[in-house]
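In what follows, a structure is listed as structure tokens, so that the remarks can point back to it.
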Amino acid sequence: MNRRQAYEAAERRRSLIVAVLSTAVVAAGLILLVPLAPGWPAVRASFFDGGIFVDTFPTLLRAFAIDVMIFAWSVPLICATGLAIALARGARSPALFPLRIAGAVYVDVFRGVPVVLTIYLIGFGVPGLGLPRPWNSPYIWGTVALVLTYSAYIAEVLRSGIESVHESQRNAAICLGLSERDTMRYVILPQAIRRVVPANMNMLVALQKDVALLSFIGPVEILRQAGIYKSLLANFTPYVVAAVIFLAVTVPATRYADHLLNRDRNARR
Amino acid sequence: MWKYLSSQAIAAVLIAGSAAAQCAADKTLTEGKLTIATGNPAYYPWVIDDAPESGQGFEAAVAYALAERMGFDAGDVIWTRTSFDQAIQPGAKDFDLNLQQFSITEERDKVVDFSTPYYTAPMAVLVRGGGDVSADLDSLRQLRWGVMATTTALPVVMQTIAPATGPLVYDDNVNVVEAMKAGQVDAALFDLPTALYLAAAVLEGGQVLGQFSADQTENPDRFGMLMTEGNPLKACVDEALAALAADGALAEIEATWLQEATGVPLIK
Amino acid sequence: MPGAKLVLRDVRKSFGAQEVLRGIDMQIAAGEMVCLIGASGSGKSTLLRCINQLEPIDDGTVLLDGEDISEPGRDLAAIRQRIGIVFQSYNLFPHMTALENVMLAPRRVLGQTDTAAAERLFQQFGLDAHMSKYPDQLSGGQQQRVAIVRALAMQPEIMLFDEITAALDPELVGEVLEVLRRLRSGGMTMVLATHEMGFARELSDRICFMDGGVIVEEGAPKQIFTAPQVPRTQAFLRSVLR
Ligand SMILES: Nc1ncnc2c1ncn2[C@@H]1O[C@H](COP(=O)(O)OP(=O)(O)OP(=O)(O)O)[C@@H](O)[C@H]1O
Ligand SMILES: [Mg+2]
């Protein structure tokens, strides 16, 4: 170990000790002080009832499977639609001008409208036109609403990714005789997508939470099931269970997205 | 004679009133005032036109009758609004009483206090243009059900009806009705007055197919007035409610505002 | 010069109000190597980009084997296959290995999946150890040679080079110039924009000195470098050769 390394190791040890100590102080403060608050017994009974936690956990976990399912089939649809919109918005040929306008309007509308409203409108509105079962299912139209909203976001992210690929890459490709299409497909898009993966990961974490909004139009997924328990038991613990289940999924996902972001940043340096 | 009687009656009311007022003294949020909460918005037939101050509608009428028995003038009744969640949250409340069709349940009773019931609502089935469905459990079982999440209707659907496909669950009446319009659900369970209102005023082609008798429903929905846990006012409220029930005033209000309850067949 | 490979007649190009090429006339024979020299901003890059139609020209004609390729509405992809170009900044595709960079166009445009020809080119230019590396794992000189191989893989009839050594450290310039020497001995028709006066003098058949969007003077290297006729050429050479 040279002098510099020794110094850095000592520094690291010191900051580790400080971090552990301060964390311990804060944690001890929370654990010791919060129960001293006059309302704590009532809050604990309402939010942290161990018996209710254990009783409702299995059903809530099963309800969470519905969220996962909706998420799983939404993601590929969102990516495909988002890509199509991004390409439409970037169309260069004047004949495709209407497509460009349509893409811009699409993005403005669906990014501007709250997801819940889109879910209500599409989820009740379209089936209300008189579709027969099973085509009026809230699962179908709720998914459509999510796809509309999220593909608008993804399209914007993708478009910025496409624009961030330097013009010289496009020039190099067409100078080799590649068509516009192949240039986009083999040269521009792979680079653009790689650049926006971290941003889109965060989008997917947000989507994972917004899937629960489908409960507004009927499906009994985890948040709804928790609401049912809350109303039945007059206790908020089921929501805490739901939060724990959500966190178990979103925290690793968010960490992974951050990891990708950092890797990307380091790679560019 | 008439004069004598009426002055006697006035005296009796005054005495009773002052006794109750003594009961409620120091127990309300604002001394001399009774603060009553209702939903936001409040619905027909519980409150007409979302205006509880008018005393029109079942709960509004009950509220004023109760206030009078407790010795408050109509002018001393203050209305406020809360959501369901606000009402059952732990902590201080900004109302003395909350009337918005709160079903009395054991679990809720642990967190808040309920008065004795002021209404026992039978459950009723709302369908849209239900000419081809008969009011028996077997055919109800084949339907796709929609239920509101915050009522006791859900356990009734799950246990008494036990439909072949899982019910869809919604936040409020409006959404259930919207799902019926969209053809996503065939039938929904509400307490009878709500079902009648929705059939008449909200859902085009809506029809109340039938109602469950109280003994067929595992625990019939009983509405109680919600108060903070351990509220000393509860004794006064229960006393006044008992008096209203004893002299038939409550039944009269029910007949006036919920009389449509007749004529809907029982489901067997 | 009958049967010239490439002919430019009165080629004009403006960017907005700025006239960058103000009537360029040139004839380049098959197998000839022409160097464009001139001050920064004199229009060398623009001229090269106008030759392969990366920039549409405003006026004049560009003939390739007597065929007007500057006519509006032509299939440019087919023309660009026949004219290779290499840029100062290499412009390799960073998400592909060297071999994938080279194979992309042959595969997509010519439908050629066999990598043998490409691998031969890698060998020829001393790059066989680097075929499966990504651009950011290569030195500048290696990247530039891969870029040349990439252009050559389309078997172009003419190669255009735009200051391909300008971004390189001096010790890497040699390996890239060596590639050009080989191409020349192989009989490739080439047009080079360059600041490497020594190289221009050594290898080119002809030097064109550009200034203000026109070719001010042209001739054999020896003549241009030893006895320039036009005062502006003299001034330019004095400044760069000092
Ligand atoms: N796309 C463009 N839009 C506007 N102006 C341009 C464009 N490309 C080139 N120019 C202008 O045209 C002129 C000639 O540029 P060009 O790149 O051809 O010069 P050059 O001789 O290659 O110079 P250098 O030796 O610095 O590479 C410059 O003034 C430049 O600013
Ligand atoms: Mg240049």
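FRET efficiency for the pair A:L33 and B:D94, taken as 1/(1 + (r/R0)^6) with r the Cβ-Cβ distance and R0 = 30 Å, rounds to 0.60. The alpha-carbon of B:K268 sits under 12 angstrom from the alpha-carbons of these aspartates and glutamates, leaving out residues fewer than 8 places away in its chain: B:D136, B:D138, B:D215.
Sites listed here are trypsin sites (Lys or Arg not before Pro) in the stretch A:145-222 whose DSSP assignment is loop and whose Cβ has at most 13 other Cβ atoms within 10 Å, and the list is empty.
Between the stretch C:44-95 and the stretch C:118-187, the alpha-carbon centres lie 20 Å apart.
What does the C-alpha gyration tensor say about the overall shape of the stretch B:122-216? Classify as rounded when a/c is under 1.5, otherwise prolate if a/b is larger than b/c, or oblate. Taking the square roots of the gyration eigenvalues as a ≥ b ≥ c, the stretch B:122-216 is rounded. For peptide A:224-234, the mean count of partner chain Cβ atoms within 10 Å of a residue's Cβ comes to 6.
Once you order the gyration tensor axes a ≥ b ≥ c over the Cα atoms, which shape class does chain A get: rounded for a/c under 1.5, otherwise prolate or oblate by comparing a/b with b/c? Oblate shape, in that a/c is at least 1.5 and b/c is the bigger or equal ratio. Net charge dipole, the protein assembly as shown: roughly 3720 debye, given to the nearest 20, about the Cα centre with Cβ charges of +1 for Lys and Arg and -1 for Asp and Glu. Given +1 at the Cβ of Lys and Arg, -1 at the Cβ of Asp and Glu and no other charges, the dipole of the stretch A:55-267 around its Cα centre is 200 debye to the nearest 20. Extending 7 Å from Cα along the Cβ direction at A:H166 and again at A:L77 yields two label points whose distance is 4.1 nm. Rounded to the nearest whole Hz, the Karplus-based 3J(HN,Hα) values (6.51 cos²θ - 1.76 cosθ + 1.60, θ = phi - 60°) of the stretch B:24-29 follow the sequence 7, 4, 6, 10, 9, 4, with x at glycine and proline.
Taking the average, over residues, of other Cβ atoms within 10 Å as the packing measure, peptides B:243-252, A:235-244 rank A:235-244, B:243-252 from highest down.
Applied to the stretch B:81-95, the Karplus parametrisation 6.51 cos²θ - 1.76 cosθ + 1.60 on θ = phi - 60° returns per-residue 3J(HN,Hα) values of 10, 9, 8, 4, 4, 4, 5, 9, 5, x, x, 5, 10, 9, 9 Hz, with x for Gly and Pro. Scanning residues 5 or more positions from C:G38 or on other chains, those with amide H under 5 Å from its amide H are C:M210, with H placed 1.01 Å from N in the peptide plane. Per-residue 3J(HN,Hα) values for the stretch A:164-181, derived from phi via the Karplus relation 6.51 cos²θ - 1.76 cosθ + 1.60 with θ = phi - 60°, read 7, 6, 4, 3, 5, 5, 5, 4, 4, 5, 6, 5, 7, x, 5, 6, 3, 4 Hz in sequence order (x marks Gly and Pro). Between their Cα atoms, which of A:K209/B:K234; A:K209/B:K181; A:K230/B:K234 are more than 31 Å away from each other? Violating the 31 Å Cα-Cα cut-off are A:K209/B:K234. Each of B:M70, B:M180, A:M69, C:M26 was scored by other Cβ atoms within 10 Å of its Cβ. Listed from fewest to most, they are A:M69, C:M26, B:M180, B:M70. Antiparallel beta bridges, as assigned by DSSP with both residues in the stretch B:122-216, represent about 65 percent of the total such bridges.
We did not get these values from a lab; they are worked out from the coordinates using the rules stated. What you see is a predicted model, and the numbers here were worked out from it, not measured in a lab. Neighbour counts run over all protein chains shown; Cβ positions are idealised from the backbone, glycine included.
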